[in-house]
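Worksheet: one structure, shown below.
The values are calculated or read from the model by the stated rules, or taken from the named source; none is laboratory data. What you see is a predicted model, and the numbers here were worked out from it, not measured in a lab. Glycine also receives a Cβ, built like all others from the backbone with ideal geometry; neighbour counts cover every protein chain displayed. Surface areas here come from the heavy atoms of the whole protein model, side chains and all, with no ligands, DNA or RNA. Shrake-Rupley method; radii C 1.70, N 1.55, O 1.52, S 1.80 Å.
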Amino acid sequence: MNRFGISGAHKSGKTTLAKAVATKWNMTYIDVKLSDVNRAFGVSPNEIIPFARRLEVQQNMVSHCINLFSEHEDNFIADRTFLDVAAYTLSYMPHVVSNIESETVKTIVDQCYRAQAAFFDKTIIVGNSFETSADPDNPGKGAFSWSWNFQLQTLIRGLVLSSGMKCPVNFMPDTHSTLAQRIDKIELIIGEAQRQKCLESTLH
């Protein structure tokens with residue numbers, strides 16, 4: 001199977017890259033649209049709300065992604081993954097939380113790990129080096145903040161290094177700051193995945 005997901009911090013070029021790869025490789029592009037979940041709850045990523053309320057939103061993001069990816073079996077690339085949901089959940093977490101909130105965070109992260117392995121064959125992590133074009137103000141999107149993006153990038157890498165991460169991962173070098181460089185790198189990743197798939201088919 002060829003199920004690829006791109007993960008990374010806010011405004012790191014995930015959507016731009018996923019769309020370009022989908023077009024070039026004739027793959028289905030999945031627009032995860034996590035902002036739709038925020039809108040359904042009447043909240044914004046930029047808004048400070050009680051952490052318990054934020055956890056409700058994040059739990060529904062996991063359900064939203066599971067429903068979305070369940071509709072696609074093969075040959076797709078997505079511009080978000082469960083790894084992003086887990087990282088965002090952790091980024092909102094205050095230093096002091098209740099035991100119930102702490103257990104809820106653990107449940108969300110564990111669900112994300114299981115779903116990542118179930119729905120993706122490969123996760124591709126992109127860094128913050130991509131130069132994205134300026135977008136009009138959109139309350140449904142998170143405002144760009146270097147410190148928050150650095151935190152998200154660090155959380156994603158930490159989640160990848162955990163023993164809970166079972167889905168194979170490739171890191172996009174931070175030196176790959178142009179779309180062309182990133183597409184070239186993903187072509188190598190996809191080509192290797194396809195060769196591995198052919199080898200496994202031959203052995204079985």
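Side notes on the structure shown:
- One residue from Ala40, Ala20 being among the hydrophobic types (A, V, I, L, M, F, W, C) and in contact (Cβ under 8 Å) with a residue 60 or more places away in the chain: Ala20
- Out of Thr81, Thr89, one residue alone is in contact with a Gly (Cβ under 7 Å, 6 or more places away or on another chain), surrounded by 18 or more Cβ atoms within 10 Å (Cβ to Cβ), at pLDDT 95 or above and β-branched (Val, Ile, Thr). It is Thr81.
- Cβ-Cβ under 8 Å pairs, at least 6 apart or on other chains, the range 145-166 side more than 16 Å from Ala9 (Cβ to Cβ), far side aromatic (Phe, Trp, Tyr): Ser162/Tyr113; Gly164/Tyr113; Met165/Tyr113; Lys166/Tyr113
- In a residue-by-residue description of the range 16-25, the property of being touching a strand residue (DSSP E or B) at 6+ places or on another chain (Cβ under 8 Å) and either in a loop (DSSP other than H, G, I, E, B) or within 21 Å of Arg157 (Cβ to Cβ) (or both) applies to at least one position.
- Criterion (touching a residue at least 12 places away in the same chain (Cβ under 8 Å) and exposed (fewer than 15 other Cβ atoms within 10 Å of the Cβ)) met by exactly one of Asn99, Asn75: Asn75
- Residue list for the range 40-70, restricted to those being in contact with a strand residue (DSSP E or B) (Cβ under 9 Å, 6 or more places away or on another chain) and not aliphatic (A, V, I, L, M): Cys65, Phe69
- Some residue of the range 127-137 being modelled with pLDDT of 90 or more, buried (at least 16 other Cβ atoms within 10 Å of the Cβ) and in contact with a helix residue (DSSP H, G or I) (Cβ under 8 Å, 6 or more places away or on another chain): no
- Checked against the criterion of being open to solvent by 30 Å² or more (accessible area, probe 1.4 Å), part of a strand (DSSP E or B) and at pLDDT 90 or above, the range 181-194 contains not a single residue that satisfies it.
- Scanning the range 28-51 turns up one or more residues that are part of a helix (DSSP H, G or I), closer than 30 Å to Glu192 by Cβ and within 18 Å of the chain's Cα centre (by Cα).
- Matching residues, the range 1-56, being of a type in the set (Val, Ile, Thr), more than 18 Å from Met172 (Cβ to Cβ) and open to solvent by 30 Å² or more (accessible area, probe 1.4 Å): Thr23, Thr28, Ile48, Ile49
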